[in-house]
Amino acid sequence: MSIEAANWAYAEDFVEEDRVILEARDVADQLGCVPVLPGVARAIEVLARTMRATSAVEIGTGAGISLTYLLRGMAPTGVVTTIDVEPEHHKAARRTVAAAGFAPERARMITGRALDVLPRLTDGGYDIVLVDARKSEYPAYLEHALRLLRSGGLLLIDNALWHGRVPDPAQRDKDTTAVRETLKAVREDERLTAVSLLASGDGLLTAIKD
Ligand SMILES: C[S@@+](CC[C@H](N)C(=O)[O-])C[C@H]1O[C@@H](n2cnc3c(N)ncnc32)[C@H](O)[C@@H]1O
């Protein structure tokens, strides 16, 4: 194993996950939606806590793993507006959030296609936007995120390395190209600072909106 691969594996196993999250990961597996990996999950919690975030948008709820980590990091009054196209995923996420001990009103679930729902959310109204839904739509999600984040708000983009395909120029499929384009757009956008690409999990891109 290379040093990089050994470091990655060690870091992903470094902090144990609790029963609620492990069960939610099993459910996610059954539903066929891939959650954030443990390193990214914990980074999301740390960042949300550091910001004392009270409002977040999540694009791609899945079975509620990243949602639960967001809620764990945010202020006790914090609310996550989370979007998913699959009602079954929202049902599972509701169970995860309840098992984690959060009141249902802390997770405002909107079922629908992200690009239909996002235009209905308030400009400048959110501390955090977490992007983790359809890869080919990442460039459009970025545009919405820039509108939705308040000044000083945090942008988080999961799967920023897309299973090692983003760094490999030979990979030119639609999803990889869209993620790669999004990374470039974030790096070049003058409204975004503190841009960082964490090689944790499947890659987490972070940036702060000025
Ligand atoms: C990678 S999973 C999200 C995992 C979740 N963030 C977690 O860590 O637990 C992606 C989710 O996006 C949803 N999705 C896919 N395309 C979508 C779209 N166009 N609009 C809204 N949700 C979508 C899928 O149903 C799936 O639940």
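Values computed for the structure shown
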item: Check on Arg42, out of contact with any strand residue (DSSP E or B) (no Cβ under 8 Å at 6 or more places or on another chain), of a type in the set (D, E, K, R) and buried (at least 21 other Cβ atoms within 10 Å of the Cβ); result: yes
item: Helices (runs of 4 or more DSSP H) contained in the range 82-152 and holding at least 3 residues near the ligand (Cβ under 9 Å from one of its atoms) and of a type in the set (A, V, I, L, M, F, W, C); result: 114-117
item: Conditions (1) away from the ligand (no atom under 12 Å from the Cβ); (2) outside any loop (DSSP other than H, G, I, E, B); number of the one not met by Thr77; result: (2)
item: Filtered residue count, the range 46-74, keeping only those that are away from the ligand (no atom under 12 Å from the Cβ) and assigned to a loop (DSSP other than H, G, I, E, B); result: 4
item: Output for the range 19-71, where each listed residue is free of Cβ contacts under 8 Å to residues at least 24 places away in the same chain and of a type in the set (Val, Ile, Thr); result: Thr50
item: Pair list, Cβ under 9 Å, 6 or more apart: the range 140-166 residue of a type in the set (Val, Ile, Thr), other residue more than 16 Å from the ligand (Cβ to nearest atom); result: Ile157/Leu183; Ile157/Val186; Ile157/Ala207; Val166/Arg180; Val166/Leu183
item: Ala43, sole failed condition from (1) within 16 Å of the ligand (Cβ to nearest atom); (2) in contact with a helix residue (DSSP H, G or I) (Cβ under 6 Å, 6 or more places away or on another chain); (3) closer than 23 Å to Leu154 by Cα; result: (2)
item: Count - residues of the range 64-82 that are touching a helix residue (DSSP H, G or I) at 6+ places or on another chain (Cβ under 8 Å) and under 15 Å from Arg52 (Cα atoms); result: 9
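Quick note: the coordinates plus some simple rules give every number you see, no bench work behind them. Quick caveat: nothing in here was measured; it's all calculated off a predicted structure. Here Cβ is always computed from backbone atoms with ideal geometry, including for glycine, and neighbour counts include all displayed protein chains.
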